[in-house]
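To start, the structure under review is shown below, and the notes come after it.
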Amino acid sequence: MIDLRSDTVTQPTAAMRLTMSRAEVGDDVYGDDPTVNSLQDMAAEMFGFESALFTCSGTQANLLALMAHCERGDEYLCGQQAHNYKFEGGGAAVLGSIQPQPLLNQVDGTIALADIEAAIKPDDIHFARTRLLSLENTIGGKVIPQSYLADAQALAFHRGLKIHLDGARVANAAVAQNIAISKITAHFDSVSICLSKGLCAPVGSLLLGDERLIKKAIRWRKMLGGGMRQAGILAAAGKLALTEQVQRLSEDHDNAAYLARQLAELSEFDVDLAAVQTNMLFAKLAPKVDADLLAKHCRAEGILISPGRTIRLVTHKDVSRQDIDKVLRVMKQHFTA
Ligand SMILES: *Cc1c(COP(=O)(O)O)cnc(C)c1O
């Protein structure tokens, strides 16, 4: 199957499976797993933080960050389109008693600084306490400009807010700009990053922050059932995700740009090429196209795409340029049949 639904579908590499089979492990709840410790140390160093914590998912890493920065009755500012507002089951509210204050995302994925300023609540018993600004990079495949990150960081600092990055795909953002990941993460008090998307690890994310924040996060992780014991088996693959899979992301970006350009040539699709900056593209179907029929035809030909009238297509390690050419062939064939 050529699976374009998400980069979460990536299979672990042969090297990952081998290193997993040989990983030295211990009980990570006791802090005794040498491979988990080594991954965490390596990530902290690589991203420029005091500490790092291995988590079972990106959702958990984000939730731990929100719960470590905020107390009951606090709020965080985030984009209306933010994963940690829209796609994480309301976890901050449900489990953290933390109120989200979602704000409009601009077309480029940023949140207008004036909107952030205006949403910060005064110290008044009527209001939740605004504690944290949470940004996402990449967001919808788009890279947030470095100059914006510096401005948002300065705003947060001057207004006494902490600033968190949902960096599930921050490696894609770094590779797209040809800069080190640490150049992006330097603007934040905490960062979450997924190892299991384009970076191909089977399971796992990381939360980065200072020692105090990570200590709090470890306590919440245990309470949430995220203490994983011999997790070094997974962390071993995570180490290779960071050392061997980051630079490769540029191939995914090239493939997404190629696919977008080719689809934009067809009258059946509307693709905003300027929005295709990393490994993700959104193709709007023309009214004449039956979305279900297209998806059905693709599936019969061994291609999986997301349902809907705007289809999100995501490139990753297990989709080659040859696969993309097949996708284009199959779609053209469907439209001319
Ligand atoms: C995938 C994703 C997450 C959550 O990751 P899971 O591991 O699926 O829980 C968080 N934020 C963003 C932006 C994501 O794309």
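Checking the conditions here, which among Ile233, Ile218 is hydrophobic (A, V, I, L, M, F, W, C), in the same structural domain as Val107 (by TED's automatic domain parsing), touching a strand residue (DSSP E or B) at 6+ places or on another chain (Cβ under 8 Å) and away from the ligand (no atom under 16 Å from the Cβ)?
On the way: Ile233 fails: touching a strand residue (DSSP E or B) at 6+ places or on another chain (Cβ under 8 Å).
Within the list Ile233, Ile218, the selection yields Ile218.
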Within segment 135-156, residues farther than 21 Å from Ser51 by Cβ and more than 15 Å from the ligand (Cβ to nearest atom) come out as Pro145, Gln146, Ser147, Tyr148, Leu149, Ala150, Asp151, Ala152, Ala154, Leu155
Out of all the residues in segment 7-20, is one or more among the small types (Gly, Ala, Ser), at pLDDT 95 or above and in contact with a Leu (Cβ under 8 Å, 6 or more places away or on another chain)?
yes
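Which one is farthest from the chain's Cα centre (by Cα), of the residues in segment 68-93 that are aliphatic (A, V, I, L, M) and within 15 Å of the ligand (Cβ to nearest atom)? Quick ask: steps written out before the conclusion?
Initially, segment 68-93 is screened for residues aliphatic (A, V, I, L, M), giving 68, 77, 82, 92-93.
Checking the rest, the ones that are also within 15 Å of the ligand (Cβ to nearest atom) come to 82, 92.
On the way: Ala82: 10, Ala92: 17 Å.
The selected residue is Ala92.
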Count of segment 196-210 residues which are within 9 Å of the ligand (Cβ to nearest atom) and within 10 Å of the chain's Cα centre (by Cα):
3
Taking the conditions exactly as written (open to solvent by less than 60 Å² (accessible area, probe 1.4 Å), in contact with an Asp or Glu (Cβ under 6 Å, 6 or more places away or on another chain) and in contact (Cβ under 8 Å) with a residue 24 or more places away in the chain), does Ser196 satisfy them or not?
no
Filter segment 5-58 down to the residues that are among the hydrophobic types (A, V, I, L, M, F, W, C), open to solvent by 20 Å² or more (accessible area, probe 1.4 Å) and touching a helix residue (DSSP H, G or I) at 6+ places or on another chain (Cβ under 8 Å) and list them by number.
Ala15, Met20, Ala23, Val25, Val29, Met42, Met46, Phe49
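Can you find a residue in segment 278-291 that is free of Cβ contacts under 8 Å to residues at least 24 places away in the same chain and touching a strand residue (DSSP E or B) at 6+ places or on another chain (Cβ under 6 Å)?
The initial filter retains those residues of segment 278-291 that are free of Cβ contacts under 8 Å to residues at least 24 places away in the same chain, namely 286-288, 290-291.
Those still in the list that are touching a strand residue (DSSP E or B) at 6+ places or on another chain (Cβ under 6 Å) too: 291.
Looking for residues that are free of Cβ contacts under 8 Å to residues at least 24 places away in the same chain and touching a strand residue (DSSP E or B) at 6+ places or on another chain (Cβ under 6 Å), one finds at least one in segment 278-291, hence yes.
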Identify the single condition in (1) in contact (Cβ under 8 Å) with a residue 40 or more places away in the chain; (2) of a type outside the set (Lys, Arg); (3) out of contact with any Asp or Glu (no Cβ under 6 Å at 6 or more places or on another chain) that Thr130 does not satisfy, given that it satisfies every other one.
(3)
The one condition in (1) within 13 Å of the ligand (Cβ to nearest atom); (2) assigned to a strand (DSSP E or B) that Ile163 fails to fulfil
(1)
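The values are calculated or read from the model by the stated rules, or taken from the named source; none is laboratory data. Since this is a predicted model, take the numbers as computed values, not measurements. Please note: Cβ atoms are built from the backbone with ideal geometry, for glycine as well, and neighbour counts cover all protein chains shown. Note: accessible area is taken over every heavy atom of the protein model, side chains too, but ligands, DNA and RNA are not part of it. Shrake-Rupley method; radii C 1.70, N 1.55, O 1.52, S 1.80 Å.
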